[in-house]
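Report on the following structure.
Every number here is computed from the coordinates shown, using simple stated rules; none is lab data. Note that the structure is predicted; figures quoted are calculated from it, not measured. Ideal geometry is used to build each Cβ from the backbone, glycine not excepted, and the neighbour counts take in all protein chains shown.
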Amino acid sequence: MGMLSAKSRSDPAVAADVFQRIFAKASLTSKRSYIRFFAEGLAYLFQRHPDRWGVTLSDWGMRLNVGWVECLVLHSGGARVLVEKDAAPTGAGFEEQDYIRARSCKMTTIPLSELQQVLPPLVASHHAALSIAAKWPATLSIRKAHSTGVTHYLSQLLGRQISGPSYAQSHKHVPSDRDARPAVLAKNGIEALALDGSFGHSIALSDVCVYTIISPENLLKETPFFRENKRWVSALKYLREAREKELQLAIIFANASQCSELIAWSTLKKIKIVGDGSTEYSVGNLHDVGALTRQDLIVLSTRQPIPEGHIKPYVLCATPRALNLIAKDPHPCQRESSDGVDNSSINLMGSEGKSSLLWHLHLERKSQLVKARRKPPCSPKVGLLVKFVGLTSQPSMASAGKDFVKCTT
């Protein structure tokens, strides 16, 4: 454990992982307090001493160096903050170490659980210490170790530019519209917790996820909850555990008419076990599954992928690594699938709770070809025919399409 590679230090996703591990058992308020305090310190340095500092990301935490002095350290045990002694609040406790290049400054140690109470009164004395340490130029090693991924991560988190030192401005990251979530900023200057339980655009997932099947049109219905005729007792337990860790429990949806096809994923917001033995559940925004397949889903009870012929809903699985990567930058649903002659094309579009569905089914008259093409069907029903359009007669389909009937729902 120790220093990360230069590539990892420049990756905001790696910075997000480090912060998540550090605050895994701390309160959300503590995390917000630290991020606000940290961002204010970086803004102060950028304005007053733009080339005299650097942030180093390690697998155990992060460190802010100014000049030759360690000024802010974060790890799983808490935060160490350099302050100017005379400006520090009355009663502040200090470490014994003296700093040759910051003689009037001392380090104070704060447990993660006390950050929200202790950090705000330290802002003035900490900034004073930063200016004292900045009388010396940053060493070459500090400059080389500067981790642009940290400032990129903060920019995404807060929805505004957090600048790095002037010598690293060639790596400047400007948040895109997708980086800044459309959420109201809290009065303290940090983004309020989004509905999906994550800062910024990334969604932190638990180690367990739920797989279920649903028809695309039902998935996009304007309904406060979905119902499943099975008791999701274990899922409710995992949802509670995820919330205690400030994580999200993912739910992955497969197409009910062709269970091998994943069509969307989301996060569970509420699970209610109903007296008749069924379950009601609600979810957040729908996200695209990307290249995720059902073979990526490992059943918790068997440690094997979901069997190819499995057609039942509700399976508890280990959260795939691919889904964790997708959750770092989730996209609204937009998925199309086509399997040649027997074509089931689905296009799901989700945006701020409003979704539209385009679902075209091309059904083959000959039952033996339908059975051969579908591997395996979830039910004997191939589709719901609502409107008869007509026989296909396009020359491009040749003999393969001469007996097709085109229908829409």
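Odds and ends about this structure:
- Packing around the peptides 307-316, 41-50, taken as the average count of other Cβ atoms within 10 Å per residue, puts them in this order, highest first: 41-50, 307-316.
- Placing R0 at 41 angstrom, the Cβ-Cβ distance between Arg21 and Phe225 gives a FRET efficiency of 0.80 after rounding to 0.05.
- Per-pair calculated FRET efficiency, R0 = 30 Å: Asp98 and Ala43 via Cβ, rounded to 0.05: 0.60
- Rounded FRET efficiency, nearest 0.05, which uses the C-beta distance separating Thr29 from Val299 and R0 of 35 Å: 0.40
- Extension gain, His75 to Asp276: 0.36 nm times the residue separation minus the Cα-Cα distance gives 67.5 nm.
- Among the listed pairs Lys237/Lys272; Lys245/Lys269; Lys7/Lys31; Lys272/Lys312; Lys237/Lys328; Lys31/Lys270, those beyond 18 Å (Cα-Cα): Lys7/Lys31; Lys272/Lys312; Lys237/Lys328; Lys31/Lys270
- Between Lys85 and His331, residue separation times 0.36 nm minus the direct Cα-Cα distance comes to 83.7 nm.
- Relative contact order of region 205-335: 30 percent, from C-alpha pairs under 8 Å at least 6 residues apart in sequence.
- Kirkwood Rh, Cα atoms: Rg over Rh of region 205-335: 0.92
- Summarised in one figure, the compactness ratio Rg/Rh of region 1-108, Cα atoms and Kirkwood Rh, is 0.96.
- The label point for Glu244 and the one for Leu140, both projected 7 Å from the Cα toward the Cβ, are 5.2 nm apart.
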